[in-house]
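Everything on this sheet refers to the single structure shown next.
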């Protein structure tokens, strides 16, 4: 029997969970590349909430106790390249459950609130797509916005106008003056497989699942490219509405969707009590694979909008609704081969090649095997019959071997001792699970670094896609990222699929990236542990690569959010002779950005940290953050003892409470605007 955890062990676990969830939020919301299932993610969130409540019931825990840990934000899919739009009504996330008893406990909580067991619910599918909010004014579509942080999202109207069935005008005379209709954008399994088949013919990496590809398509910077992929939409939810009493129930709103002939959910049940709602959940689980959109659960909501208002919401979720997630799906198939992939960091990852099998509504032929230790622990062998699991449309995983069906001639899988790309002997660092190729000139690593360098979150170079990267490396035109800036139009013309105009566009995009912000180049370098947020912190603090290269450990760890592990990684990067040569090459080619200083005001807010919460009317929170950073300050997402000011607009919640408990100065919007006018007074 294990001994109870000490408070120190619980605190360490809390900090670990915060870091893990922040990492997975970044993968899911911003990169559309989750690497764990919804169920595993939900388990981590629940463990985090339980530990946080146990250790810190008053919300006073100081994130500064460990600079490597930061409190995870509610999911935020916003990107700097898009314009933000404020929702009329916040887009909250739903609480999830995988347990029948917990569903009935949800009903009992509502019975206590309303003092009756006569509660009418509606049941509909939980669609695993990309949340979207369509704003109509006088019946005309004016804006399509992603969920964002729930208060404001990215405007993506141009990327979805091509969707067949997207209502751009609502017919009839019963349309409200202003209305937000919520729904999901998704990609059919058929379209997903069509795109992957084309990529397979070109020897390009395959997309993991329809949800990720749909999310990436919605956020493409080029609407023309988005139109080449067939997206679909389904609508079911009501956001803001003027007049506010236009609809009294969800079932009335659903009927309006049908009257307007918009694509609505195929399954919608109005039921008089929770027991019948549960019967509908069971029924939906049987029917859902026949629908054109991916579903991973059922959503149960009170029908009455008046009861929505009375039940209210927490800071993250409405109390009047819950999502019941269906069980993970499993299938048995044959593991035909184990192949190895090499990433940009040199990590060698094993992938299972399977006899194709239908799983969660789509055909699966690849699955993750994680690492060599996982293969050995489960004794996975080529030729085995294996159980494959797919939860929430995430990359499938081999969960176990059917030993009773193992072929008599099978032999244990031996993880190769050399890189499958360049044959260099692989190594494994102490404490790490992955084997790595230590050769920085390994072709697959070079391709990975180029893809990462050019990605939207880094240098954001248009026209430098997968196929182009493959050719540049295979034709020995690019050996490291700085070589991109030596490419000529003539060389680009010789690439397959390129003509003079497309070659000129590529070279122009590469040249324009020289003017990107310093933090983007810092992120693009691929320094271990340094993502976009840390890159911005480093850029604000040192303002040039040369100054950062000279920074000591003491200077680095003094920056809020930079801990010893990250600081050590930064020092090791800049002390490496190969990296020094690369940075010198960048500088000689004119790629050496510095953070500009506002000459008129200087940087009076250096060392000051602002946290924004609630709604702002004069500007978006992104615009406010940019103004803060232009004055030398830092815009943070979490309140701690190091916070200088909390800017609190209407709707401020737990962050305001915490700031008041910690004695942080609180500004309303008018006081913040006055401070912007006279920054020296801060």
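The values are calculated or read from the model by the stated rules, or taken from the named source; none is laboratory data. Every value quoted in this text rests on a predicted model; they were computed, and no experiment measured them. So basically every Cβ, Gly included, is an ideal-geometry build from the backbone, and we count neighbours across all protein chains shown.
Among the conditions (1) at pLDDT 90 or above; (2) touching a helix residue (DSSP H, G or I) at 6+ places or on another chain (Cβ under 7 Å); (3) at positive phi, residue 119 misses just one, which is (3). Checked against (1) exposed (fewer than 14 other Cβ atoms within 10 Å of the Cβ); (2) at negative phi; (3) free of Cβ contacts under 8 Å to residues at least 60 places away in the same chain, residue 423 passes all but condition (2). Any idea which residue in segment 288-312 is nearest to residue 103 (Cα to Cα), counting only those that are free of Cβ contacts under 8 Å to residues at least 40 places away in the same chain and part of a helix (DSSP H, G or I)? This residue is 308.
Within segment 370-394, being modelled with pLDDT under 90 and in contact with a helix residue (DSSP H, G or I) (Cβ under 9 Å, 6 or more places away or on another chain) holds for 391, 392, 393, 394. Considering only residues of segment 556-586 that are in a helix (DSSP H, G or I) and out of contact with any helix residue (DSSP H, G or I) (no Cβ under 8 Å at 6 or more places or on another chain), which is surrounded by the most Cβ atoms within 10 Å (Cβ to Cβ)? Going through the qualifying residues, I end up with 569.
Within segment 274-284, being out of contact with any helix residue (DSSP H, G or I) (no Cβ under 6 Å at 6 or more places or on another chain) and either buried (at least 16 other Cβ atoms within 10 Å of the Cβ) or in a loop (DSSP other than H, G, I, E, B) (or both) holds for 277, 278, 280, 281, 284.
Restricting segment 163-192 to residues that are surrounded by fewer than 17 Cβ atoms within 10 Å (Cβ to Cβ) and either under 23 Å from residue 295 (Cα atoms) or within 21 Å of the chain's Cα centre (by Cα) (or both) leaves a set whose member that is modelled with the lowest pLDDT is 190. At least 2 residues being in contact (Cβ under 8 Å) with a residue 40 or more places away in the chain, on the phi < 0 side of the Ramachandran plot and surrounded by fewer than 17 Cβ atoms within 10 Å (Cβ to Cβ) is the threshold, and among the helices (runs of 4 or more DSSP H) wholly inside segment 441-510 those reaching it are 466-474. Quick check: is even one residue across segment 314-335 more than 25 Å from residue 233 (Cβ to Cβ) and surrounded by 21 or more Cβ atoms within 10 Å (Cβ to Cβ)? Yes, segment 314-335 contains at least one residue that is more than 25 Å from residue 233 (Cβ to Cβ) and surrounded by 21 or more Cβ atoms within 10 Å (Cβ to Cβ).
When residue 551 is tested against the conditions (1) surrounded by fewer than 16 Cβ atoms within 10 Å (Cβ to Cβ); (2) over 27 Å from residue 456 (Cβ atoms), the lone failure is (1).
Of the residues making up segment 80-87, not a single one is modelled with pLDDT of 85 or more, touching a strand residue (DSSP E or B) at 6+ places or on another chain (Cβ under 7 Å) and closer than 30 Å to residue 329 by Cβ.
I'm trying to understand the selection: among the residues of segment 511-532, which are touching a helix residue (DSSP H, G or I) at 6+ places or on another chain (Cβ under 9 Å) and not in a loop (DSSP other than H, G, I, E, B)? 511, 513, 514, 518, 519, 520, 521, 522, 523, 524, 532, listed by residue number.
When residue 532 is tested against the conditions (1) under 26 Å from residue 207 (Cβ atoms); (2) touching a strand residue (DSSP E or B) at 6+ places or on another chain (Cβ under 8 Å), the lone failure is (2).
Would you point out which residue out of 375, 382 is surrounded by fewer than 18 Cβ atoms within 10 Å (Cβ to Cβ) and in contact (Cβ under 8 Å) with a residue 12 or more places away in the chain? Step through it out loud before you land on a result.
Working: 375 fails: surrounded by fewer than 18 Cβ atoms within 10 Å (Cβ to Cβ).
Exactly one residue qualifies, and that residue is 382.
Taken over segment 341-351, the criterion of being out of contact with any helix residue (DSSP H, G or I) (no Cβ under 6 Å at 6 or more places or on another chain) and surrounded by fewer than 18 Cβ atoms within 10 Å (Cβ to Cβ) is satisfied by 341, 345, 349, 351.
So that you can scan it fast, the table gives a plain yes or no per residue for (1) more than 30 Å from residue 474 (Cβ to Cβ); (2) modelled with pLDDT of 90 or more; (3) buried (at least 17 other Cβ atoms within 10 Å of the Cβ); (4) more than 23 Å from the chain's Cα centre (by Cα):
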| site | (1), (2), (3), (4) |
| --- | --- |
| 204 | no, no, no, no |
| 226 | no, no, yes, no |
| 271 | yes, yes, yes, yes |
| 287 | yes, no, no, yes |
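Which residue is modelled with the lowest pLDDT, if the candidates are limited to segment 318-329 and must be assigned to a loop (DSSP other than H, G, I, E, B) and touching a strand residue (DSSP E or B) at 6+ places or on another chain (Cβ under 9 Å)? Result: 328. Quick one: would you say residue 401 is surrounded by 16 or more Cβ atoms within 10 Å (Cβ to Cβ), modelled with pLDDT of 90 or more, in contact with a helix residue (DSSP H, G or I) (Cβ under 9 Å, 6 or more places away or on another chain) and over 30 Å from residue 579 (Cβ atoms)? Judged against the criteria, residue 401 is a match.
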